[in-house]
Amino acid sequence: MGPYKILRHVGKVAYELDLPNELALVHPVFHVSMLKKCIGDLSTIVPLEGLEIKENLADEEVPLEILDRQVKRLRNKEIASVKVLWRNHLVEGATWEADADMKSRYPYLFPFTPILNLR
C-alpha cells in the first residue's frame, strides 16, 4: 500500500506515516520491517478500494516454525517449552511458549511422529 509520506522517526526502529482519511482507524506508527522504500514503480502500489480492516484492529500473530525446545524442571514437575518464530518478526523476536498450548493451537507446526511399542 502507499506510498505515504514519513512524518517523523519514532524511537530507533519505527516511523510515523501520513495516512489518508480512509485509514483513520489504523495506528500511523510502523516498525521498519513493515515498510518498503518507494522507488516510484506504480505497479507495486496496492489500491485502497476493496481493502478491509478488522473491527478490533488486532494484528493476528501467526507462528512460522519451532526453532528450539527445552524442558525446565520445577521441584516435582517438568514444563516443556518451544521457541517460536512469528510472522513479521526477526529471529531475535522469537518467544518461548508452552509446548502443550502451541500443540493444541497450531498442530501443523509439529510433525507427526509415530509411537512405537517395543517388546
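Quick notes
- Count of the stretch 75-99 residues, restricted to those that are among the small types (Gly, Ala, Ser) and at pLDDT 90 or above, is 3.
- Total residues in the stretch 9-39, condition exposed (fewer than 11 other Cβ atoms within 10 Å of the Cβ) and part of a strand (DSSP E or B): 1
- Summed over the stretch 72-113, residues that are surrounded by fewer than 10 Cβ atoms within 10 Å (Cβ to Cβ), within 22 Å of Glu60 (Cβ to Cβ) and polar (S, T, N, Q) total 1.
The values are calculated or read from the model by the stated rules, or taken from the named source; none is laboratory data. Since we're looking at a predicted model, the values are computed, not measured. Reconstructed Cβ throughout: ideal geometry from the backbone, glycine too, with neighbour counts over all protein chains shown.
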